[in-house]
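Asks: First the structure, which I've put down as structure tokens, then a few questions once you've had a look.
The values are calculated or read from the model by the stated rules, or taken from the named source; none is laboratory data. Because the structure is predicted, anything quoted here is derived from the model rather than measured. When we count neighbours, we look across all protein chains shown, and the Cβ atoms used for this are built from the backbone with ideal geometry, even at glycine. These accessible areas exclude ligands, DNA and RNA; they are computed on the full protein's heavy atoms, side chains included. Shrake-Rupley method; radii C 1.70, N 1.55, O 1.52, S 1.80 Å.
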Amino acid sequence: RELPPHVVVLFGATGDLARRKLLPGLFHLFMSKLAPPMRIVGTSLDDMDSEGFREIGVKACSEFSSRVFTPEAAAEFGATLTYVPQGHGAEALAAAVREQLDVLGREARMLHYLSVPPKAAMAVLEMLHEANLVKRSRVIMEKPFGTDHDSAVALNASIHQWFKEEQIFRIDHFLGKESAQNILAFRFANGLFEPIWNRNFIDYIQIDVPEKLSLEGRSHFYESTGAFRDMVVTHLFQILAFVAMEPPTALAPGPIGEEKNKVFRSMRPLDPHNVVRGQYAGYRDEPGVAPESETETFVALKAEIDNWRWAGVPFYLRTGKSLGEGQRIISIAFHEPPKSMFPDGSGVGQHGPDHLTFDLADAFKVSLSFYGKKPGPGMKLDKLSLQFAMQDTDSVGMVLEAYERLILDAMKNDHTLFTTAEGIERLWEVSAPLLENPPPVRSYDQGSWGPNAIHQLIAPHAWRLPF
Ligand code: BG6
């Protein structure tokens, strides 16, 4: 069935996420005709007119879109953009949105995208209610959803005053990555790996997302968020659920949400002794950062899932800013053979155990590393690898970026790749001991892999990265 036209109301329209991802994503959906006809009403705390916003939108697409961006495309996309300052109030917003709804006709729906920090979300929801823009609308809520358990519960309660659950899409863009969906395909569409996907065969798992990027002008957001809330309680835990969950009964929002929630329910509350918090040297000198800031720009931790499949298998998670490389990998380490017949010095075990590695780049990549014989006399062993990279195939042009995929899914009313209220609330519960008792931040050098304590955290194992 064809999708009805949409007015996308973008809150936080001049912010970093809007410029880097949302406007370029909407641009691609619009030009590729994957999305229905649409108009975009931007709003934010900045005072500007539609002309000013068009300039921002077009510049954002030319700078950040990975798609071909011609002057004709810029003009066509620019014509869909209008702007109303949030400070002008609910009535002005209502008038601006209604004008665009009239352009698109009676069938048109609204998609409100709240690209705003958690503390601002409540006021925006109230404004939508006041502006009478709730009916025939859906709302996408950005992460982090709340800042702790109580605020997430309060936020859920306040949305439900005005929106029905089926209208709400809590986004976690990592779940929209092709590579995240491929974890589901890989695990549940093949018979090969699922039988060994448990504590009997798997020794430990790493979900490692170091970033080279630093604050990128987001110090205000980052100071009050930090790496744990920005990345771990959201993206890394959601990915952990895809890796750890039981097979759902169907590829549908209910069954997938339920299996993920079971994982979250089985997670042990985080022990602050199993967490390393770091801050890169120089962070406190960044504009907008407090001179005594204790905000972490790095976090590494051990998570544990107390269920039959995973008891005793540690999940090591790491992410941070200004690190040595930008990577996003999930690495599954298999048990080593119980006994080796290979002589000392043959090289067996020298490069760690065999691993299955998912690369969460936009285009899916998976590789299996294993020991094989080095050619030549004797029996010397080396780490070999089997791999598949979507990048090398003809299908790479079909890859949708995460936000594109998820905005389209929300227009289609498909909740499969969104998070659930229950899951989010439970993850804040799991995180509570750490949030209440955070270990002190340790300094690390920019370009490094984090504070030294990360090695004790993972011992006797080792971090896979850098490769
Ligand atoms: C965002 C975080 O949600 O994810 C950023 O706020 C982070 O700090 C980004 O850089 C990483 O996303 P991706 O898709 O580039 O890996």
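Asks: From the phi of every residue in the stretch 363-368, what ³J(HN,Hα) in whole Hz does the Karplus formula 6.51 cos²θ - 1.76 cosθ + 1.60 yield, where θ is phi - 60° and glycine or proline is x?
Replies: My calculation for the stretch 363-368 gives 8, 4, 9, 9, 9, 10 Hz in order.
Asks: Calculate how many DSSP beta bridges within the chain are antiparallel, expressed in % of all such bridges and rounded to the nearest 5.
Replies: Around 55 percent antiparallel, to the nearest 5.
Asks: Grab the beta carbon distance between residue 88 and residue 386, set R0 = 51 Å, and tell me the FRET efficiency rounded to 0.05. Walk me through the intermediate numbers first.
Replies: Working: r = 58 Å, r/R0 = 1.14.
Rounded to the nearest 0.05, the efficiency is 0.30.
Asks: Now for a different question. With N set to the number of residues, divide the alpha-carbon radius of gyration of the stretch 100-201 by 2.2 N^0.38 Å and report two decimals. Could you put the intermediate results ahead of the total?
Replies: Details: Rg = 18.8 Å, N = 102, 2.2 N^0.38 = 12.8 Å.
After normalising by residue count via 2.2 N^0.38 Å, the value is 1.47.
Asks: For the stretch 54-135, just run the numbers: alpha carbon Rg, then divide by 2.2 N^0.38 Å, N being how many residues it has. Before the final figure, lay out the partial values.
Replies: Numbers: Rg = 14.9 Å, N = 82, 2.2 N^0.38 = 11.7 Å.
Compactness ratio reported: 1.27.
Asks: Given 0.36 nm per residue, what is the gain on full extension from residue 341 to residue 166 after removing their alpha carbon distance, in nm?
Replies: Full-extension gain reported as 57.2 nm.
Asks: Run through all the Cα pairs of the stretch 1-47 and give the fraction in each 5 Å bin from 0, expressed as whole percent.
Replies: 5, 21, 27, 23, 14, 6, 3, 0
Asks: Counting only the backbone N, which residues of the stretch 401-418 are under 19 Å from the spot 7 Å out from the Cα of residue 249 toward its beta-carbon?
Replies: 415-417
Asks: Taking the stretch 187-285 on its own, what percent of its Cα-Cα pair distances exceed 15 Å? Don't skip to the answer; put the middle values down first.
Replies: Working: 3558 of 4851 pairs.
Counting every Cα pair in the stretch 187-285, those more than 15 Å apart make up 73 percent.
Asks: Give me the 1.4 Å probe accessible area per residue for the chain, excluding ligands and nucleic acids, in Å². Walk me through the numbers before you get to the answer.
Replies: Values: 20690 Å² over 467 residues.
Each residue of the chain exposes 44 Å² on average to a 1.4 Å probe.
Asks: Over every pair of different alpha-carbon atoms in the stretch 351-467, take the mean of 1/r and invert it; report that Kirkwood radius in Å.
Replies: Numbers: mean 1/r = 0.0516 Å⁻¹.
After inverting the mean inverse Cα-Cα distance, the result is 19.4 Å.
Asks: Which values, in whole Å and largest first, are the semi-axes of the equivalent ellipsoid of the chain obtained as the square root of 5 times each eigenvalue of the Cα gyration tensor?
Replies: Details: eigenvalues 328, 121, 97 Å².
Three semi-axes, in Å: 41, 25, 22.
Asks: Please list, short to long, the whole-number percent of alpha-carbon pairs of the stretch 300-363 in consecutive 5 angstrom bins beginning at zero.
Replies: Histogramming the stretch 300-363 at 5 Å steps yields 3, 12, 15, 19, 18, 15, 11, 5, 1 percent.
Asks: In addition: Taking a temperature of 37 °C and a viscosity of 0.692 mPa s, what whole-number D in µm²/s does Stokes-Einstein yield for the stretch 1-123 with Rh from Kirkwood over alpha carbon pairs? Intermediate results must be reported in sequence, preceding the final value.
Replies: Values: Rh = 14.5 Å.
Answer, rounded: 226 µm²/s.
Asks: By its C-alpha gyration tensor, with a ≥ b ≥ c as the square roots of the eigenvalues, how is the stretch 155-241 shaped: rounded for a/c under 1.5, else prolate for a/b larger than b/c, else oblate?
Replies: Values: a/c = 2.48, a/b = 1.39, b/c = 1.79.
Oblate, because a/c is 1.5 or more while a/b does not exceed b/c.
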